[in-house]
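Taking it in order: structure first as structure tokens, then the write-up.
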Amino acid sequence: MKNKGLPAKYYTDPSWFKRETEYFFADKWVCIGREEEVRNPGDYVVKHLAGESLLVTRDDNKKTNVFYNHCRHRGTLLVSDCKKGNAGLRFQCPYHAWTYGLDGKLLGAPHMHETEGFQLADYPLHSVRAETWAGHIFVNLNKNAMPLLDQIGGLKERFHPWRMETLNLIHRIEYSVKANWKLIVQNYSECIHCPIIHPALQKLSHYMSGENEPATTENYLGGRMVLKEGITTMSMDGVGKAPLPFLSEDERKFVYYYWLMPNLLLSLHPDYLLTHTLWPISEASTKIICEFHTHPDGMKEGSDFSSAIEFWDVTNKQDWHVSELSQIGIGSRAFSPGPYSVRESLLPGLDRMILELDP
Ligand code: FES
Ligand SMILES: [Fe+2]
């Protein structure tokens, strides 16, 4: 049978984990958050990606910059204890007080004026390639990578009506899941488990209503599901808030679910955007940041998204639980990959990417 899942080693072998995360997370455009996390000049946030500590800042020119978070003197972590905040005009190394501007330039280096040939200009923070799309910040640790838009292909036009760059954070939940990151992607990419583990979801959107987009590129996979008659969003009560302002009547009937390789799950609802970013910790453990965003008009007094937040928190936990059960079973010495059904047509796409890495 052609379409079977992957052998166990791709989920359980630490050396494979190292290899694939180097490829997917250090050599691809990876979503590390939203621009609004560094909304004002001086704002910063520290992110951890592929074993690196990265410093994300907003400079005086309103540009989002990302740097390797270590000092150019003797390598000390520049920002450690505080994960986010506002630095004012500069960052100062806690060791010998070298100071850096918000654009990464070295501004001051005590005692170095006596060192022959030393020039401040030669020691800016090491920068990381960063680009934004629709309010999402992406980084690529490969300096020679193709531009972000080449990776996300036609999604820029397709999702323009949601105007994601105008949306603001409503709520964030962090999860720690004892499962390989690919099991989370797989779980997200099919809904034949929905009637079994998501009874509340099944009441809002029939699991067989999904239409997958034929995969023309492997940089993203996805499709949409139809909301049932009388249901206007995914939430405990199925009653949506004000639709996002630029969506057509037709687009309000669907929820779009897309995986943007490697780590962004984009779920576009009529009245809010749900994002999950996946942060692999080990071959059997993944941190997941789940965020809800909506248009500022939808956040006015009286608009309460707690029904949607509760719905997805319940649904997320159901998904994480079965993903953890899969991780355990795949670790059995007797495990061998089983066949996919035709309703799991997106899953071989990710599998192919993995197998191509291991010729
Ligand atoms: S290590 Fe940063 S100033 Fe010395
Ligand atoms: Fe699910």
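Residue by residue, here is whether (1) at pLDDT below 95; (2) under 18 Å from Cys290 (Cβ atoms) holds:
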site: Arg129; (1), (2): no, no
site: Leu167; (1), (2): no, yes
site: Glu190; (1), (2): yes, no
site: Gly210; (1), (2): yes, no
site: Asn219; (1), (2): yes, no
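Give me the residue from the stretch 309-329 that is more than 26 Å from Leu6 (Cα to Cα) and charged (D, E, K, R) and, out of that set, nearest to ligand 2 (Cβ to nearest atom).
Keep residues of the stretch 309-329 that are more than 26 Å from Leu6 (Cα to Cα), which gives 309-314.
Subset that is charged (D, E, K, R): 310, 313.
Numbers: Glu310: 16, Asp313: 13 Å.
Top of the filtered list is Asp313.
Within the stretch 191-210, how many residues are surrounded by fewer than 19 Cβ atoms within 10 Å (Cβ to Cβ) and either assigned to a loop (DSSP other than H, G, I, E, B) or under 23 Å from the mean Cα position of the chain (by Cα) (or both)? Lay out the reasoning, then the answer.
From the stretch 191-210, those surrounded by fewer than 19 Cβ atoms within 10 Å (Cβ to Cβ) are 192-193, 195-197, 199-200, 202-203, 206-209; that's our starting set.
Now restrict to residues that are either assigned to a loop (DSSP other than H, G, I, E, B) or under 23 Å from the mean Cα position of the chain (by Cα) (or both): 192-193, 206.
Matching residues across the stretch 191-210 total 3.
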Which number in (1) in contact (Cβ under 8 Å) with a residue 40 or more places away in the chain; (2) surrounded by 13 or more Cβ atoms within 10 Å (Cβ to Cβ); (3) farther than 17 Å from Glu35 by Cα; (4) not hydroxyl-bearing (Ser, Thr, Tyr) marks the one condition that Gly88 misses? (2)
Quick one: which residue in Asp250, Asp313 is surrounded by fewer than 20 Cβ atoms within 10 Å (Cβ to Cβ), farther than 15 Å from Lys182 by Cβ and modelled with pLDDT of 95 or more? Asp313
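Looking only at residues that are charged (D, E, K, R) and closer than 29 Å to Ala179 by Cα in the stretch 260-303, which one is surrounded by the fewest Cβ atoms within 10 Å (Cβ to Cβ)?
First, the residues of the stretch 260-303 that are charged (D, E, K, R): 271, 283, 287, 291, 297, 300-301.
Subset that is closer than 29 Å to Ala179 by Cα: 283, 287, 291.
On the way: Glu283: 24, Lys287: 15, Glu291: 18.
Among them, the one singled out is Lys287.
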Test Gly298 against the stated conditions and say whether it is within 24 Å of Ile173 (Cα to Cα), touching an Asp or Glu at 6+ places or on another chain (Cβ under 8 Å), part of a helix (DSSP H, G or I) and in contact (Cβ under 8 Å) with a residue 12 or more places away in the chain. yes
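For the stretch 155-174, indicate whether the set of residues that are within 19 Å of the chain's Cα centre (by Cα), assigned to a helix (DSSP H, G or I) and either within 16 Å of ligand 1 (Cβ to nearest atom) or among the aromatic types (Phe, Trp, Tyr) (or both) is non-empty.
There is at least one residue in the stretch 155-174 that is within 19 Å of the chain's Cα centre (by Cα), assigned to a helix (DSSP H, G or I) and either within 16 Å of ligand 1 (Cβ to nearest atom) or among the aromatic types (Phe, Trp, Tyr) (or both).
Which one is farthest from ligand 1 (Cβ to nearest atom) among residues in the stretch 94-115 that are under 19 Å from Asp43 (Cβ atoms) and of a type outside the set (D, E, K, R)? Talk me through it step by step, then tell me what you get.
Filtering the stretch 94-115 down to residues under 19 Å from Asp43 (Cβ atoms) leaves 99-105, 107.
Restricting the remaining residues to those that are of a type outside the set (D, E, K, R) gives 99-102, 104, 107.
Working: Thr99: 9, Tyr100: 10, Gly101: 15, Leu102: 17, Gly104: 14, Leu107: 12 Å.
Checking each candidate, the answer is Leu102.
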Among the strands (runs of 3 or more DSSP E) confined wholly to the stretch 32-128, which include 3 or more residues that are away from ligand 2 (no atom under 16 Å from the Cβ) and under 28 Å from the mean Cα position of the chain (by Cα)? 43-49, 52-58, 64-68, 84-86
Can you run down the residue pairs with Cβ atoms below 7 Å, 6 or more apart or on separate chains, where the first is in the stretch 177-201 and under 19 Å from Gly338 (Cα atoms) and the partner is more than 16 Å from ligand 1 (Cβ to nearest atom) and of a type in the set (Asp, Glu)? Ala179/Glu324; Asn180/Glu283; Asn187/Asp319; Glu190/Glu344; Ile192/Glu344
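The values are calculated or read from the model by the stated rules, or taken from the named source; none is laboratory data. The structure displayed is predicted, hence computed values, not measured ones. Virtual Cβ from ideal backbone geometry, glycine too; neighbours counted across all protein chains shown.
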